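To start, the structure itself, in C-alpha cells.
The values are calculated or read from the model by the stated rules, or taken from the named source; none is laboratory data. These numbers come from a predicted model, not from an experiment. Positions of Cβ are backbone-derived with ideal geometry, glycine not excepted, and every protein chain shown enters the neighbour counts.
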Amino acid sequence: MNADLTRAVQWYPGHMVRAMRALGRSIRLTDLVIEAIDARAPSSGANPALDDLARSRDRITVLTRDDLADPRATRAWLDALGSSGREVLAINARSHAGIARLRASLARRSRTHDGILRVMVVGIPNSGKSTLVNALLGRAAARTENRAGVTRAPQWFRLSSGVELLDTPGILVPKIAGARAQWILAAIGAVPAERYDAEEIVARLVAWGRTRGADVPTLEEFARERGFVRRGGELDAHNAARAYLAAFARGTFGRYTLEEPSDAS
C-alpha cells in the first residue's frame, strides 16, 4: 500500500514547537546526545531535525525496545547506522546487560572541566526515552507511559557524581511525509490514538505482514478471537482495531521490524 492514507497522520502541537526551541538552547549545555529510536522503525522513528540539532555533539544512537524487534533486522540496522562511525547500541531497557553496555560507554567518555558529563536524551514521542533514563538511573524518576506526549518539559537527573541526564520532550517533524512513515509511526505509538483511523492503520499493518511473510492476524480474525462482536454477529471493528494496535505494541504477535535499511535508501 503506497497510496496516501484516507486520514493523514500528522501531529505537531504547540508544546513541540516550544520544546524544539528549548532543545536548541539546552544543547549548548550538553556534551553528549543520546538519540532513542524504536528498533521497530529505525528510519521513520528518527527525526532529521534532531539530527541537525545535535550535529556538533558527540552522539550515541540507541535502538530501544530491542526485545520487540526482529533480531535479524536489528543486526542489519546496527551495521547500516554504524557505518558512519557513530556508536549505535540496541537495548531492551529492562535488560541489565543492555543498560550496562550504555553505562560503560558513558564511563569511557571524557568529562568537561568541572568533571561532569552532561547528556541529553532525545527522540520522537514514545520512543522509549524516559524508560531509558529510568533504566540508567535504576529508579522510576522520569514519567513513562505507553503513549505519545507524556514528557512535556525537560528534566535533569543526576546519574552519578560525574554524569547528569537531561530527559527531553518527544518531538516529531512538523509534517510526516509519506503514507509509509505515517502508518508506521501510528503503529509504534508515536502519535496519539485520536490522530489516526485505527482500522486503516491495522489494514496497512496487515498488508505489510502479507508482503513480508509476517504471521499477523487480520482484523476480523483478531476481533472474533478476542470477542469484539456485537449482538447479531457484527464486528466491533473500531474497538478491535484499537486493541489490535495495543497488542502489536506489546509484541503479542511476535518480534517485527517494520522497515529494513534498504527501505530508507
Check every one of the helices (runs of 4 or more DSSP H) wholly within segment 64-141 and list those with 3 or more residues that are farther than 28 Å from residue 186 by Cβ. 96-108
Mind listing just one residue for me: the one in segment 13-44 that is part of a loop (DSSP other than H, G, I, E, B) and more than 16 Å from the chain's Cα centre (by Cα) and, of those, surrounded by the fewest Cβ atoms within 10 Å (Cβ to Cβ)? 13
Which is basic (Lys, Arg), modelled with pLDDT of 90 or more and either more than 25 Å from residue 158 (Cα to Cα) or crowded, with 19+ Cβ neighbours inside 10 Å (or both), of 59, 75? 75
Filter pass, residue 229 being modelled with pLDDT of 90 or more, of a type in the set (A, V, I, L, M, F, W, C) and out of contact with any strand residue (DSSP E or B) (no Cβ under 8 Å at 6 or more places or on another chain): no
Matching residues in segment 12-32 - criterion: being touching a residue at least 60 places away in the same chain (Cβ under 8 Å) and either touching a Phe, Trp or Tyr at 6+ places or on another chain (Cβ under 6 Å) or under 14 Å from residue 169 (Cα atoms) (or both): 12, 13, 15, 16, 19, 20, 22, 23, 26, 27
Single condition residue 154 does not satisfy, out of (1) surrounded by 17 or more Cβ atoms within 10 Å (Cβ to Cβ); (2) modelled with pLDDT of 70 or more; (3) in contact with a Pro (Cβ under 8 Å, 6 or more places away or on another chain): (1)
Out of 118, 86, which single residue is closer than 17 Å to residue 133 by Cβ and surrounded by fewer than 18 Cβ atoms within 10 Å (Cβ to Cβ)? 118
Which is within 18 Å of residue 45 (Cβ to Cβ) and either under 24 Å from the mean Cα position of the chain (by Cα) or not assigned by TED's automatic domain parsing to the domain that holds residue 128 (or both), of 242, 230, 212? 212
Number of the condition not met by residue 257 [criteria: (1) hydroxyl-bearing (Ser, Thr, Tyr); (2) closer than 22 Å to residue 3 by Cβ; (3) modelled with pLDDT of 95 or more]: (2)
